[in-house]
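Structure first, then comments.
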Amino acid sequence: MTEASRYGDELGVVTVTYFSGDTLERFLDTLEKATERPVQVVVADTVSTDGAPEKAAKRANVHLLSIGENVGYGTGCNRGVAELDDSYGWIVIANPDLEWEPGSLDGLLEAAKRWPRGGAFGPLIHELDGTVYPSARELPSFGRGIGHAAFGKVWPGNPWTRQYRQETGTPVERVAGWLSGSCLLLRREAFESVGGFDSRYFMYFEDVDLGDRLGKAGWLNVYVPSVGVMHLGGHSTSQASKKMLAAHHASAYRYLADRHQGLAWKPVLAAVKLGLALRLKLETR
């Protein structure tokens, strides 16, 4: 059997929970109207004790995977995907604090037909206040990354942030450097061909890293703004904001260090590491 024919056409949804509360019920309720296809949902729970995953598992199409430890987002997703057999050729990775717009998942699947080399497809993501989250971005380079990190909060309209976040103009269907891991439709063949998410990223940048590796493997990351979902906000991460900030900075450094190896880069990376440590200290004091 060839790799291309290994997977079937079934649709599976994986969501990783960590004290997700009532948002998980809304996620599942709205998912029912997001597609006309049957969907198998895997709730990959880390260490929740709020009863939300167990309540969700009472639904006929929901399978609960109790991991028992906080392994991080990417690893949780990988374990959830592994619960699905090879008949599932389409995988959705999504945060449990999302609300699906009617037909949104079918819209992403329609886009996949238009992009046969598409490996990942991301919708337009609305925040609660109606603003559009910049979920399709360029890959961070040293110049863009440092400019965005240094000036993003104090000068939001700086050229490095605008270029990185790709916020100019009317959203159109296009290829991006990477797509937000808060909601992704993945061609499983593509996802498995690069080994899924890199488990070294506990939180943040696992989606940037995935988009980069998909692109290098010949797949496309496709932004589909004609399809929308609503993001209710970091229900889980808000409980540990200082820890999440530290994870974000550690992941940012890992991403750059992985891609800039060799003696010549060591002084630059040392400076970046120091700069990130100072930024973290300022943001958490």
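The values are calculated or read from the model by the stated rules, or taken from the named source; none is laboratory data. Treat the numbers as computed from the prediction; the structure is a model and nothing was measured. Positions of Cβ are generated from backbone atoms using ideal geometry, with glycine treated the same way; all protein chains shown enter the neighbour counts. Accessible surface is based on the protein model in full, side chains and every heavy atom, while ligands, DNA and RNA are left aside. Shrake-Rupley method; radii C 1.70, N 1.55, O 1.52, S 1.80 Å.
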request  = In whole Hz, with x marking every Gly and Pro, tabulate ³J(HN,Hα) for segment 82-96 from phi via Karplus 6.51 cos²θ - 1.76 cosθ + 1.60, θ = phi - 60°.
outcome  = 5, 6, 9, 6, 6, 6, 8, x, 10, 10, 10, 9, 8, 5, x
key: Amide hydrogen neighbours beyond the local backbone of Leu65, cut-off 5 Å, H modeled   = Val43, Ala44, Asp45
key: Summed residue charge, Cβ within 15 Å of Pro102's Cβ, Lys/Arg positive, Asp/Glu negative   = -4
message = I need the phi-derived Karplus couplings for segment 203-209: 6.51 cos²θ - 1.76 cosθ + 1.60, θ = phi - 60°, integer Hz, Gly and Pro marked x.
response = 7, 6, 6, 5, 6, 4, 4
ask   = Karplus couplings for segment 189-197 from phi (6.51 cos²θ - 1.76 cosθ + 1.60, θ = phi - 60°), rounded to Hz, Gly and Pro as x?
value = 4, 5, 4, 6, 5, 10, x, x, 6
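With a 1.4 Å probe and all protein chains left in place, how much accessible area per residue does segment 1-114 have, in Å²?
Values: 5020 Å² over 114 residues.
Value for segment 1-114: 44 Å² per residue.
Charges only on Cβ, +1 for Lys and Arg, -1 for Asp and Glu: so what's the dipole of segment 1-147 about the Cα centre, in debye to the nearest 20?
Working: 13 positive and 23 negative charges, 93 e Å.
So the dipole magnitude of segment 1-147 works out to roughly 440 debye.
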remark   = Counting only residues 5 or more apart in sequence or on a different chain, those whose built amide H sits under 5 Å from that of Glu138 are Gln166, Gly177
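Counting only protein heavy atoms and a 1.4 Å probe, tell me what percentage of segment 1-96's accessible area is made up of carbon and sulfur. Present the calculation step by step, with values, prior to reporting the outcome.
Values: 2030 of 4270 Å².
Heavy-atom surface of segment 1-96 belonging to carbon and sulfur, 1.4 Å probe: 48 percent.
Just how large is the dipole of segment 1-88 about the Cα centre, in debye to the nearest 20, putting +1 at every Lys and Arg Cβ and -1 at every Asp and Glu Cβ?
Numbers: 8 positive and 15 negative charges, 21 e Å.
Here the size comes out at about 100 debye.
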